[in-house]
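Input: a single structure, listed below in structure tokens.
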Amino acid sequence: MGRLKKIAFQAENNEPIYVPKRIIDRINKKAIITKQSVVERKLVLEYKSKSGISHGVMELYDMGPDVPKNNKN
């Protein structure tokens, strides 16, 4: 199993937080993100389905940046 690809979002203090790209893509495919915010090193997304039947809130925690494969530390 490979590593998760991550996408960066800007936090309040201009430091990026990194969340899984696969989850963001899945939400965008099935739902519409109505509100997003960064709270204490986690991304909070409010969404509703494209059909308008359901809605919810998801919290994605910061996973840190990817380490290059050629870095042998």
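Of everything in the stretch 4-52 that is in a loop (DSSP other than H, G, I, E, B) and hydrophobic (A, V, I, L, M, F, W, C), the residue that is nearest to PRO65 (Cα to Cα) is LEU4.
A count restricted to the stretch 23-73 and to residues that are among the polar types (S, T, N, Q) and touching an Asp or Glu at 6+ places or on another chain (Cβ under 9 Å) stands at 3.
Scanning the stretch 41-60 for residues that are loosely packed, with under 12 Cβ neighbours inside 10 Å, free of Cβ contacts under 8 Å to residues at least 24 places away in the same chain and within 14 Å of the chain's Cα centre (by Cα) yields a count of 2. Residue pairs whose Cβ atoms lie under 7 Å apart, separated by 6 or more positions or on different chains, with the first residue in the stretch 26-37 and at negative phi and charged (D, E, K, R) and the second in a strand (DSSP E or B) and at pLDDT 90 or above, are LYS30/SER49; LYS35/GLU46.
The values are calculated or read from the model by the stated rules, or taken from the named source; none is laboratory data. Since we're looking at a predicted model, the values are computed, not measured. In this analysis, Cβ positions are derived from the backbone assuming ideal geometry, glycine residues included, and neighbour counts consider all displayed protein chains.
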